[in-house]
Amino acid sequence: MMVSMRAMILAAGRGERMRPLTDHMPKPLLPVADKPLIVWHIEALARAGFEDIVINHAYLGEQIEQALGDGSRWGVKLHYSPEGQALETAGGIAYALHLLGNAPFLVVNGDVFCHMDFAQMRLNVPDLAHLVMVPNPAQHPQGDFGLKAQRVSEQEGERLTFSGVGVYHPDLFKSIVRGESAKLAPLLRLAMQQGLVSGEKFTGTWHDIGTPQRLQEINTLLDTQVIKNPD
């Protein structure tokens, strides 16, 4: 199965909360069950039929390119977007738009671990974004946005946490000058005010791998098979 949509994995963060593990290794290459965290995403995208995957990087980015190569071992084509200095989420996506094309594309945060079926994710006209929302984890009890009738807003609906997985239309980023740093949340909030953000609630396996403790926890869950490999 081939998916015409392109995908992007965000891998440019410094990983300050992961120190000292990230002092000499970029966070996406930290091992989860003896496999780099980012490889879990590449494998899931390959299973879903994605053929072209863009990966942005900044801190120790050359290690990412050396470790992953051209993607042929997973049956995909990897395209790299080196930023030099990290441009934040929206800035990094805007910087890579020339690699992502003019159609909607899927974006996955490189520092989450999840078992999602990426092949099922779509963006409906005229929406600018579709967000996958998850129940609020212990470290983020207040959530991010509300979800009601598959629409995302700041106020209405069940309060949930943005998973870091979304489908976006390139027009969401048209206000950003290529190469400037920009956060994603303000763009999403503006689109929400215009009623242009859809969403879904995901209750399967999802973990934010933001600290050494949470990395150890996910490895323990996989080692004891509390969480099973989707393969």
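Values in this text are rule-based calculations from the coordinates and carry no lab data. Worth saying up front: this structure is predicted, and the values here are computed from it rather than measured. All Cβ positions, even for glycine, are placed from backbone atoms using ideal geometry, and neighbour counts span all protein chains on display.
Where does the stretch 53-115 land on the Kirkwood hydrodynamic radius, alpha-carbon pairs, in angstrom? Don't skip to the answer; put the middle values down first.
Values: mean 1/r = 0.0792 Å⁻¹.
One over the average 1/r among Cα pairs gives 12.6 Å for the stretch 53-115.
Once the convex hull of the C-alpha atoms of the stretch 1-99 is built, how many Å³ does it hold per residue, rounded to a whole number?
Values: hull volume 9.5 nm³, N = 99.
For the stretch 1-99, the hull spanned by Cα atoms encloses 96 Å³ per residue.
Order by neighbour count: LYS27, LYS77, fewest other Cβ atoms within 10 Å first, most last. Write down the numbers at each step before the final one.
Details: LYS27 27, LYS77 14.
Neighbour counts put them in this order, fewest first: LYS77, LYS27.
Of LYS27/LYS148; LYS148/LYS228; LYS201/LYS228; LYS27/LYS228; LYS148/LYS183; LYS27/LYS77, which pairs sit farther than 28 Å apart, going by alpha carbon to alpha carbon?
Numbers: LYS27/LYS148 34 Å; LYS148/LYS228 31 Å; LYS201/LYS228 21 Å; LYS27/LYS228 22 Å; LYS148/LYS183 24 Å; LYS27/LYS77 21 Å.
Result: LYS27/LYS148; LYS148/LYS228 exceed 28 Å.
Going out from 0 in 5 Å bins, what whole percent of all Cα-Cα distances in the stretch 110-200 drops into each bin?
Per 5 Å bin, starting at zero, the Cα-Cα P(r) for the stretch 110-200 comes out as 3, 13, 24, 24, 20, 12, 4, 0 percent.
Under the classification rounded if a/c is under 1.5, otherwise prolate if a/b is larger than b/c and oblate if not, where does the stretch 40-160 fall, given a ≥ b ≥ c as square roots of the Cα gyration tensor eigenvalues?
prolate
Only Cα pairs within less than 10 Å get springs; with that Gaussian network setup on the chain, which residue of PRO212, PRO36, PRO141 has the largest fluctuation?
PRO141
Given that compact globular proteins tend to follow 2.2 N^0.38 Å, what is the ratio of the alpha-carbon Rg of the chain to that value?
Values: Rg = 16.7 Å, N = 231, 2.2 N^0.38 = 17.4 Å.
So the chain has a normalised radius of gyration of 0.96.
Hey, can you grab everything whose amide H is under 5 Å from the amide H of ILE209? Only 5+ residues off in sequence or another chain; H modelled, so Pro and N-termini drop out.
Those qualifying (amide H under 5 Å, at least 5 residues apart or on another chain) are VAL112, PHE113.
Go ahead and estimate [θ] at 222 nm for the chain from helices alone: -39,500 (n - 2.57) per DSSP H run with n ≥ 4, summed, over the residue count, rounded to 500. Intermediate values should be presented prior to the final figure.
Numbers: 6 runs with 52 residues, N = 231.
Calculated at 222 nm, the ellipticity per residue is -6500 deg cm²/dmol.
Which ³J(HN,Hα) values in Hz, rounded to whole numbers, follow from the phi angles of the stretch 107-120 under the Karplus curve 6.51 cos²θ - 1.76 cosθ + 1.60, where θ = phi - 60° and Gly and Pro get x?
Karplus values, whole Hz, x for Gly and Pro: 10, 10, 5, x, 10, 10, 10, 8, 10, 10, 8, 5, 5, 8.
Going by how many other beta carbons lie within 10 Å of each one, how would you line up HIS169, HIS140, HIS57, HIS24, fewest first? Kindly include the intermediate steps, with their values, before the conclusion.
Numbers: HIS169 20, HIS140 13, HIS57 27, HIS24 8.
Ascending Cβ contact count within 10 Å gives the list HIS24, HIS140, HIS169, HIS57.
Rounded to the nearest 20 debye, what is the charge dipole size of the stretch 163-231 about its Cα centre when +1 sits on each Lys and Arg Cβ and -1 on each Asp and Glu Cβ?
Working: 7 positive and 7 negative charges, 58 e Å.
Magnitude of the dipole: close to 280 debye.
Going by C-beta contacts inside 10 Å, put ARG73, ARG159 in order with the fewest on the left. Working shown, then result.
Numbers: ARG73 11, ARG159 16.
Ordered from fewest to most neighbouring Cβ atoms within 10 Å, ARG73, ARG159 come out as ARG73, ARG159.
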